[in-house]
1. Answer yes if at least one residue in the range 5-21 is closer than 19 Å to residue 168 by Cβ, modelled with pLDDT under 65 and either in a helix (DSSP H, G or I) or touching a helix residue (DSSP H, G or I) at 6+ places or on another chain (Cβ under 8 Å) (or both), and no otherwise.
2. Check whether at least one residue in the range 139-150 is part of a helix (DSSP H, G or I) and under 25 Å from residue 25 (Cβ atoms), and report yes or no.
3. Looking for something closer than 19 Å to residue 45 by Cα, assigned to a loop (DSSP other than H, G, I, E, B) and at pLDDT below 90 - is there at least one such residue anywhere in the range 168-176?
4. Which condition number does residue 81 fail, the rest of (1) under 26 Å from residue 23 (Cα atoms); (2) in a helix (DSSP H, G or I); (3) at pLDDT 90 or above being met?
5. Quick check on my filter: what residues within the range 95-114 are more than 17 Å from residue 194 (Cα to Cα), at pLDDT 80 or above and crowded, with 17+ Cβ neighbours inside 10 Å?
6. For residues that are at pLDDT 90 or above and loosely packed, with under 15 Cβ neighbours inside 10 Å, scanning just the range 136-151, find the one that is farthest from residue 98 (Cα to Cα).
7. How many residues are farther than 23 Å from residue 12 by Cβ, under 11 Å from the mean Cα position of the chain (by Cα) and surrounded by fewer than 21 Cβ atoms within 10 Å (Cβ to Cβ) when one looks only at the range 54-88?
């Protein structure tokens with residue numbers, strides 16, 4: 001059975017998973033908000049970035065699962081269409097906003113400032129600007145009665161972000177395990193490479209949407 005004839009639990013489960021992802025995203029941000037990199041002088045529990053990593057992965061898995069179930073059972077709802085991308089943005093943007101914060105910044109002996117997460121503030125601006133641009137294009141196109149569904153570039157962007165954030169958290173955790181060792185590690189450089197890949201793929205993914213949106217906006221509006 002599908003659609004309106006599906007059992008209540010089938011209609012509700014995808015939305016419940018989406019709601020769970022919002023809760024997990026909030027917990028994820030809360031965890032990172034109390035973390036300080038070891039080079040700042042804090043000798044806290046390195047399990048914080050590991051716990052944040054686990055929360056992110058679980059939340060990302062619910063993203064894949066709720067959409068799959070909603071389509072399989074034909075129970076896509078208005079709540080799901082609104083809350084699902086909202087939950088995604090909270091999780092991904094929350095991750096990169098927190099990772100670019102001062103909690104992950106330290107100063108080397110030679111005076112160089114280093115971001116242990118590799119995520120710089122301008123990278124977050126690029127990620128946010130890309131999402132705002134695509135969202136605006138979607139609103140303009142769909143306001144004319146045309147469909148502006150996700151395309152391959154957008155799915156690749158989400159995949160890279162969903163892999164990049166855990167990789168960065170893993171590197172931060174590995175570095176945190178050495179909180180009593182003052183010797184420098186290569187982890188900041190590894191995190192920086194991951195952050196650059198995420199930023200470049202995210203920026204590139206806007207191009208196909210701009211091309212598609214511009215072409216659709218040149219077409220006559222429907223009904």
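1. no
2. Scanning the range 139-150 turns up at least one residue that is part of a helix (DSSP H, G or I) and under 25 Å from residue 25 (Cβ atoms).
3. Within the range 168-176, not a single residue is closer than 19 Å to residue 45 by Cα, assigned to a loop (DSSP other than H, G, I, E, B) and at pLDDT below 90.
4. Residue 81 satisfies every listed condition except (3).
5. 103
6. Across the range 136-151, the extreme among qualifying residues is 140.
7. Residues that pass the stated criteria total 1.
The values are calculated or read from the model by the stated rules, or taken from the named source; none is laboratory data. Model, not experiment: these values are computed from the prediction. Because the Cβ atoms are built from the backbone with ideal geometry, glycine has one as well, and the counts that use them run over all protein chains shown.
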